[in-house]
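*Asks:* Structure incoming, see below.
The values are calculated or read from the model by the stated rules, or taken from the named source; none is laboratory data. Model, not experiment: these values are computed from the prediction. Counting neighbours? That spans all protein chains shown, and the Cβs are built from the backbone with ideal geometry, glycine included.
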Amino acid sequence: MATDLSRTQLEGALAALGTTCRDDTTILLGGSAALILTNALERGTNDGWLNGSVQSYVEVLPPDYDTRVKTLRPFGRLSVSLLGRRDVIVMKFFSDRPKDLRDLEQIAPTAAELAFTARELPRLAKIDPVKTTRMQTVLDAWPGTEAK
């Protein structure tokens, strides 16, 4: 069973992991872990916070996501970067999982973040038209989304 980790516990886990790295290692965190570590989400995570799920969603990320990546302080030999908030929001809307929609409710995307997400729809439709249609429906109904 996964442990529910707060920001402090996530940082502690990263520090512990950093002591086990034999070589310099870099990881990119997205999803709830990135939001918790930037104080955007106030809940623990128990959804396998260190996993390869960002890699499975790389094609969903906007092409310029790397311009919004934030690098944390080093954890021993471990370098940790976090996806930007806008990019995490795009991924969470695209996933359409109940827990991601609850996270979105809590972090309350701004009108600018919702507009950013909406601008990604044509690109995402080429990746998965069905998911993008669902994403469009959810986004259209989201509080603060400008009428199209």
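*Asks:* Which condition breaks for residue 70 when tested against (1) touching a residue at least 24 places away in the same chain (Cβ under 8 Å); (2) in contact with a helix residue (DSSP H, G or I) (Cβ under 7 Å, 6 or more places away or on another chain); (3) closer than 23 Å to residue 25 by Cβ?
*Replies:* Every listed condition holds for residue 70 apart from (2).
*Asks:* Something else: Can you pull out every residue in segment 109-148 that is of a type in the set (A, V, I, L, M, F, W, C) and in contact (Cβ under 8 Å) with a residue 24 or more places away in the chain?
*Replies:* Residues satisfying the conditions are 111, 114, 115, 116, 118, 124, 127, 135, 138, 139, 142.
*Asks:* Follow-up. In segment 74-100, how many residues are polar (S, T, N, Q) and either touching a Lys or Arg at 6+ places or on another chain (Cβ under 9 Å) or crowded, with 18+ Cβ neighbours inside 10 Å (or both)?
*Replies:* 2
*Asks:* For segment 124-148, which positions are within 18 Å of the chain's Cα centre (by Cα) and among the charged types (D, E, K, R)?
*Replies:* Matches in segment 124-148: 131 only.
*Asks:* Right, here's the next one. Which helices (runs of 4 or more DSSP H) sit wholly inside segment 38-110 and have at least 1 residues that are modelled with pLDDT under 85 and within 27 Å of residue 16 (Cα to Cα)? Break it down into steps so the answer makes sense when it comes.
*Replies:* Working: elements: 53-56, 85-95, 98-107.
Qualifying helices (runs of 4 or more DSSP H): 53-56.
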